[in-house]
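To keep things clear, I will list the structure first and then write my remarks on it.
The values are calculated or read from the model by the stated rules, or taken from the named source; none is laboratory data. Here the structure is a predicted model, which means the values were calculated and not measured. Cβ atoms come from the backbone with ideal geometry, glycine included; neighbour counts cover every protein chain shown.
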């Protein structure tokens, strides 16, 4: 992964070298969340590759880039993904971000609004502190320092599924999360805690879709409502019987909802 000065922020950014890409057609960029990785999108990549050029980066410090230190600011994550897309000569794209990746997606859309043709914000909100989360970010920080990454992703990851550790996809989430270092995991918590995208929502004028699992314990309804009502051109889709990882719990329904948004108006 190379670092270079970035025109958007005039600061060094690490350009992700690890990513998954498949298919052909209009670019569809998938940004994972906290302690995640590109492999969490494997079913979606297979589903959408026949009609889209699907690109799923591993964020700095995660997945195939887990040996690197992750940023401690959402803006640095956003600039890193934009720099990767520059390297891939992808100028315009549909952008989907999940959880912390939804914050990154909002920041990318703010930084480069003419490049993001459509925006999908899934299981996320406009405020990084996540009011009414299953536990405060500071508690997660303290327990991460005490327990380590493996125990932390096992515990936190279980809250992302309606059936907890028995949920479909939990094993994949836990395996991805274990790859990150404690330093990266702590930095990402700081990145979320310092980020507030509420003031930028009115300027994100591209067509948008907000997706939420009705049992999500990380991002409660007020956060989702703030996105839906704050974006100028937004639809809302609530996935019943799911929690924070709806794309893993009910992949067929999730893909149907996304395909409807990506199809012709």
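Key figures for this structure:
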{"item": "Conditions (1) closer than 23 Å to residue 257 by Cβ; (2) modelled with pLDDT under 95; number of the one not met by residue 56", "result": "(2)"}
{"item": "From the options 185, 174, residue that is within 20 Å of residue 136 (Cβ to Cβ) and either buried (at least 20 other Cβ atoms within 10 Å of the Cβ) or in contact with a helix residue (DSSP H, G or I) (Cβ under 8 Å, 6 or more places away or on another chain) (or both)", "result": "185"}
